[in-house]
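*Asks:* If you scroll down you'll find the structure; I have some questions about it.
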Amino acid sequence: MMLAKLETLADYTRRLQEDPAEVKALCQDVLIRVTGFFRDPGTFKGLAETVFPRLLEGRSPKDAIRVWVPGCSTGEEVYSLAICLLEFLGDQAEAIPIQLFGTDVNEAVIEKARSGVYVENIGADVGPDRLRRFFTKVDGKYQVDRPIRSRCIFARQNLITDPPFSNLD
């Protein structure tokens, strides 16, 4: 309201009714975009030590590992999960089908996630070894390598109106 120099909620409501661009801007402001590579290191440690070993128990090597990240924003957590899982699987990674699904209500962030291109300062979160193994430097930015991106599917999804995926780990 302040940016539009409107004084009352009624004035802003009228603005929203008359200006579709303002509605889009409001939606972008309301959506939470807190994300980052390996944002909670303890969680990724727990995945590698506890969750991933259980996922493999009794699983045929032909059975795909399918993981869904709702509210994925720009994709850093999806790619972090993929990297963590590939590191855990080691030499077995090529033999086991892996599919990671990232969904978000915001199409703009989904497009960024699909591109897999991130600013250079991700090195602080990713670390030099992972940067070398899983990223390629492109025009001063880092892009997630194709073998990782090909395992990650990003789609627009509104959790309020669209049902969740099925057959997930």
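*Asks:* Measuring from label point to label point, each 7 Å out along Cα→Cβ, what is the residue 3 to residue 146 span in nm?
*Replies:* 3.9 nm
*Asks:* Okay, moving on. Working from Cα positions, state the angle (0 to 90°, nearest 10) between the long axis of helix 9-18 and the longest principal axis of the chain.
*Replies:* 70 degrees
*Asks:* In region 82-125, which residues have a backbone nitrogen under 13 Å from the label point lying 7 Å from residue 139's Cα in the Cα-to-Cβ direction?
*Replies:* Zone members listed by number: 115-119.
*Asks:* Accessible surface of residue 159 in the full protein assembly, 1.4 angstrom probe, to the nearest 10 Å²?
*Replies:* Its accessible surface works out to 100 Å², give or take rounding.
*Asks:* Next question, about the same structure. Counting only other residues whose beta carbon sits under 9 Å from that of residue 82, what net charge do I get with K and R as +1, D and E as -1?
*Replies:* Working: positive: 149, 151; negative: none.
Within the 9 Å Cβ shell, the charges total +2.
*Asks:* Can you give me the accessible area per residue for region 91-136, using a 1.4 Å probe, in Å²?
*Replies:* Numbers: 2440 Å² over 46 residues.
On a per-residue basis, region 91-136 sits at 53 Å².
*Asks:* Measure nothing fancy, just the Cα-based angle from helix 76-89's long axis to the longest principal axis of the chain, in degrees from 0 to 90, nearest 10.
*Replies:* The helix 76-89 is inclined about 0 degrees to the chain.
*Asks:* How much length is gained if the chain between residue 48 and residue 18 is pulled fully straight, taking 0.36 nm per residue apart and subtracting their Cα-Cα distance, in nm to one decimal? Each step should come with its number before you reach the end.
*Replies:* Working: separation 30, 0.36 × 30 = 10.80 nm, distance 5.11 nm.
This chain segment gains 5.7 nm when fully extended.
*Asks:* Based on DSSP, what percent of beta bridges with both residues in region 59-144 are antiparallel, to the nearest 5? Mind dumping the intermediate values first?
*Replies:* Working: 6 of 12 bridges.
DSSP beta bridges in region 59-144 are roughly 50 percent antiparallel.
*Asks:* Looking at the chain, how many pairs of lysines come closer than 26 Å at the Cα, when each pair is eight or more places apart or spans two chains?
*Replies:* Details: 5/24; 24/112; 45/62; 112/137; 112/141.
Summing the qualifying lysine pairs gives 5.
*Asks:* Using DSSP to define loop residues, name the trypsin sites (Lys or Arg not before Pro) in region 51-129 whose beta-carbon has at most 15 other beta-carbon atoms within 10 Å.
*Replies:* Counting only loop positions with at most 15 other Cβ atoms within 10 Å, the trypsin sites (Lys or Arg not before Pro) in region 51-129 are 59, 62.
*Asks:* Heavy atoms only, probe 1.4 Å: what % of the accessible area of the chain goes to carbon and sulfur, would you let me know? Don't jump to the answer; show the numbers that get you there.
*Replies:* Values: 5680 of 10360 Å².
Heavy-atom surface of the chain belonging to carbon and sulfur, 1.4 Å probe: 55 percent.
*Asks:* Further question on the same structure: Specify the longest stretch of the chain that does not include any exposed loop site, a site being one of the GluC sites (Glu not before Pro) with a non-H, G, I, E, B DSSP assignment and at most 13 other Cβ atoms within 10 Å. All intermediate terms of the calculation are to be shown ahead of the outcome.
*Replies:* Working: sites that count: 7, 57.
So the longest stretch without any such site is 58-169.
*Asks:* Hey, another quick one. Quick one: angle between helix 20-30 and the longest Cα principal axis of the chain, in degrees between 0 and 90, rounded to 10, please.
*Replies:* 50 degrees
*Asks:* Moving on. Out of residues 5 or more away from residue 100 or on other chains, whose amide H comes under 5 Å of its own, with H placed 1.01 Å from N in the peptide plane?
*Replies:* Amide H neighbours of residue 100: 67, 152, 153.
The values are calculated or read from the model by the stated rules, or taken from the named source; none is laboratory data. Fair warning: this is a prediction, and the values are worked out from it, not measured in the lab. Neighbour counts run over all protein chains shown; Cβ positions are idealised from the backbone, glycine included. In case anyone asks, the SASA skips ligands and DNA or RNA and just uses the protein heavy atoms, side chains included. Shrake-Rupley method; radii C 1.70, N 1.55, O 1.52, S 1.80 Å.
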